[in-house]
């Protein structure tokens, strides 16, 4: 059961939620809320943005300043909110398709600007809400309704993408390790810059059912068996790492300046004229 | 001044014809009394080269149509611009050509005489060393547009449209760096003198 | 703080940017595109002087998203674009209509379709302004025809956007955007600001509209009211709904909040309509060619009149019809293949013969071209 502090952050008015029984998104939402509670954030000053998809319904259930936008574009909205009022804590929750397919351009540019937004990417390797179409993180060979002969597109490594594009905090965990998810989201929010936390989750309804992970517990077991801590992964060969999920903090802050602070300097220069 | 007084300055991209017309507009709008003005330009995708034309319409009354219909004054700095734009000059108007880039004056024969054909343009025609003055006398070809503006300024004075001092004020207002403003004023004055001492063909 | 009150000589695009700032706009998000880029450039330079923010986004879509986001956070916001960019704006414009977020969008029209004519004038987007984003909604769109009007209508656009809590469009064009004229910049009086919540946070129902204005009060994120913004059809609580009654209520209110106030939104200008036998209806830069042609026609004794919509949406249909006598001829010059002409036909209910004069060569009408048609009787 959630703690009373967490319950304060829930909009029971908007329940029941749309997620399937056993969906990993609930685990992520609870971890996220524990992180917000742990950081003693003010609900009135916390913004949670999202795009379209199952994961993007999350902000509706959270009693904060929430904005459910268009597919893939949530970071654009979040950027506008943060730019206008940098005092707000801004999170952006999204799915793998939302973040890396239709929103891929917005994602890399948010990373590049290093604007103080925490992106929580729930990666379940599929478009779940619309019935199981392939996403940019569907593993090659996996089945999807739009890859009925097996996916042939290579999958994105979201963490590498974020790191390469300039995010200043990058971490990965799975729903099989909710304490770690909570910790990484906490660290991501604390980071003054753009933070990306990729959380591997599952869609047993649309992905697992067709890819030998039919039940929620099959997926939990798979995540547990496949997870490799970053420290251990460093000593493993490429061959050994095949099919594994490397979990850990890949980047915990850089010396890159934060975007809204840089713009604050622009204002000072302009006002001085 | 009766009705519309229309000006066109044409050349190629990078010669500063747009800025020249902008300064005429600024002079009219900010330093002359009761003068309405619209300035506009047409250009292609090139920042340098390509055809470039800019226009100003001046009037004592509010201006409806913002573009030039038949210019009373044209300053033309390249041959392609001369060929295209010279013919629509208002009858009895003035055309100032640059003598370096415009080698074949529309409406005139090879020998320099007036063509006895339908190509004749009913306008006072002046051929002045605009580019050469900028390049040789001032040493900066970049001020070609200010020499051209100086020549135009003298015409506008003769036609009782506006005072050259208004144009000088606009130049000083536009170029905030004093050294650059001085250089441009010098070029303007050279252009003004060029026209003053000229005769039409 | 920079000085607002002054007389200047500037481009339509520049005046529009200054008008936005005078209206209290403090946020610009966008992507550069000819022939609208000067709006972005002026905002990039001016906004930080007023403590405002400018951000160049990665594309047009994100530019639209950013201005909606900043508006949700409490700012008056604007973005500017042109043809291809306006197409890209449509997706998030729809969200702003649905979620009722005030924002001003400028389209400096150029020739299309596709990349078309980046540096040449057109009026090919006026129907896109009305119907561009999928789904129904009321539209408010202005068509300026002078530099001063760019300034004035920028202020008006913000007022209407704040009042009705929805996007307002300024459909400028390449000629108006790029020409320079004398303009009086002033500090506007009686600016309209979005209605803030009149109840404490625990009583706040975010989409419960005032029964008279039909516009809900709007709290900014961060000022103590927590609410949910969504592009899904939602109930008064702002939460997605599939309930037929709630869906219909929301949809009808989106339309009626603007439609029922159309009389106060509609703007137009006329010249010699009282005894006109031939009426030219034209807008934007074409309005200037048309006015010249009408003046020239009057000089030679033709009873010509001129009607210029300043709001193209809502279209001043009632007003036009009331000024038209049975049997007059109406000429509609447009630099497109015929868009507003259909609205004119609809407005006059067969009382007049309506003729389109179309020009699609990238140029503005010469007054003589319109004059010739007036002389021929259209």
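What follows is calculated from the coordinates using simple rules that are stated; it is not laboratory data. Quick caveat, the model's predicted, so the values are computed rather than measured. Note that we place each Cβ from the backbone using ideal geometry, even for glycine, and neighbour counts take in every protein chain shown.
In segment C:268-375, what percentage of the DSSP-assigned beta bridges are antiparallel, given to the nearest 5?
Of those bridges, close to 25 percent are antiparallel.
Over all directions, the average projected area of the alpha-carbon convex hull for segment A:1-62 comes to how many nm²?
Over every viewing direction, the Cα hull of segment A:1-62 projects on average to 4.3 nm².
Over segment A:4-271, what is the mean sequence separation of C-alpha contacts under 8 Å (at least six apart), divided by residue count, expressed as relative contact order in percent?
18 percent
Using only the Cα atoms of segment C:248-370, what are the Rg and Dmax in Å?
Cα radius of gyration and Dmax of segment C:248-370 are 15.4, 56 Å respectively.
What number, in percent, do you get for the relative contact order of segment C:1-70 if the mean sequence gap of Cα pairs under 8 Å and at least 6 apart is divided by its residue count?
On the way: 74 pairs, mean separation 24.9, N = 70.
Once divided by the residue count of segment C:1-70, the mean separation gives 36 percent.
Per DSSP helix of 4 or more residues, -39500 (n - 2.57); summed, then divided by the residues of the protein assembly as shown. What does that give at 222 nm, rounded to the nearest 500?
Taken over the protein assembly as shown, the calculation gives -10500 deg cm²/dmol.
So in the protein assembly as shown, what percent of DSSP beta bridges are antiparallel if you round to the nearest 5? Let's see the in-between values first.
Details: 44 of 124 bridges.
In the protein assembly as shown, approximately 35 percent of DSSP beta bridges are antiparallel ones.
Between segment A:125-143 and segment C:333-353, how far is it from one alpha carbon centroid to the other, in angstrom?
Segment A:125-143 and segment C:333-353 have Cα centres spaced 50 Å from each other.
Please report, to one decimal in angstroms, the Kirkwood hydrodynamic radius of the protein assembly as shown built from all distinct Cα-Cα pairs.
After inverting the mean inverse Cα-Cα distance, the result is 29.8 Å.
For segment C:289-341, what is the convex hull volume of its Cα atoms per residue in Å³?
It is 97 Å³ per residue.
Per-residue Cβ counts within 10 Å, from other chains only, averaged over B:29-39: what number is that?
Neighbouring Cβ atoms belonging to other protein chains average 3 per residue here.
Give me the three principal axis extents of chain C from the C-alpha atoms, as integers in angstrom, largest value leading.
Principal-axis extents of the Cα atoms in chain C, largest first: 69, 47, 39 Å.
For chain A, what ratio Rg/Rh do Cα atoms give with a Kirkwood hydrodynamic radius?
With Rg and the Kirkwood Rh in hand, the quotient comes to 0.97.
Averaged across the residues of B:56-65, what count of C-beta atoms belonging to other chains lies within 10 Å of each residue's C-beta?
Working: counts 1, 2, 0, 0, 0, 0, 2, 4, 15, 15.
Mean shielding by partner chains, rounded to a whole number: 4.
With Kirkwood's inverse mean 1/r over C-alpha pairs for Rh, give me the Rg to Rh ratio of chain B, two decimals please.
Computed over Cα atoms, the ratio is 0.94.
Given a Förster distance of 35 angstrom, what is the FRET efficiency for residue C:368 paired with residue B:43, based on the Cβ-Cβ distance and rounded to 0.05?
Given R0 = 35 Å and the Cβ-Cβ separation, E is 0.90.
Please give the peptides B:97-109, A:27-39, B:176-188 ranked by average Cβ packing (other Cβ atoms within 10 Å per residue), highest first, as a rough proxy for protection.
A:27-39, B:97-109, B:176-188
How well do other chains shield peptide A:260-267, expressed as the mean number of their Cβ atoms within 10 Å of each residue Cβ?
3
Compute the separation of the alpha-carbon centres of segment C:74-119 and segment C:282-332 and state it in Å as a whole number.
If you average the Cα positions of each part, the centres end up 28 Å apart.
Mind checking the angle between helix C:244-259 and chain C's longest principal axis? C-alpha axes, 0 to 90 degrees, to the nearest 10.
Here the helix axis deviates by roughly 50 degrees.
Within 10 Å, count the other beta carbons around each residue, average over each peptide in C:230-237, A:140-147, and list them highest first.
Most protected by this proxy first, the peptides run C:230-237, A:140-147.
In the P(r) worked out for segment C:98-180, what percent of Cα pairs fall beyond 17 Å?
Above the 17 Å cut-off, segment C:98-180 has 48 percent of its Cα pairs.
Rounded to the nearest 10 degrees, what's the angle between the helix A:104-113 long axis and the longest principal axis of chain A, both from Cα atoms, 0 to 90?
So the helix axis and the longest Cα principal axis differ by about 40 degrees.
Angle between the Cα long axis of helix C:37-46 and the longest principal axis of chain C, 0 to 90 degrees, nearest 10?
50 degrees
Applying a 10 Å radius around every beta-carbon, put B:133-142, A:90-99, C:311-320 in order of their mean neighbour count, most first.
Ranked from most to least packed, the peptides come out as A:90-99, C:311-320, B:133-142.
Can you give me the Cα centroid spacing of segment A:205-232 and segment C:212-259 in angstrom?
Value for the Cα centre distance between the two parts: 40 Å.
Nearest 0.05, what FRET efficiency do residue B:119 and residue C:248 give at R0 = 51 Å with Cβ-Cβ as r? Could the numbers behind the result be given before it?
Details: r = 71 Å, r/R0 = 1.40.
In this case the efficiency is close to 0.10.
If only Cα atoms are counted, what is the Rg of segment C:6-185, and what is its Dmax, in Å?
When restricted to Cα atoms, segment C:6-185 yields Rg and Dmax of 14.3, 43 Å.
If contacts are Cα pairs under 8 angstrom and at least 6 residues apart, what is the relative contact order of chain C in percent?
Relative contact order, chain C: 16 percent.
If I model a spin label as a point 7 Å beyond the Cα along the Cα-Cβ vector, how far apart are those points for residue A:271 and residue B:196 in nm?
With each label placed 7 Å out from Cα toward Cβ, I get 5.1 nm.
Would you mind telling me the antiparallel percentage of the DSSP bridges in chain A, rounded to 5?
Roughly 20 percent of the DSSP beta bridges within chain A come out antiparallel.
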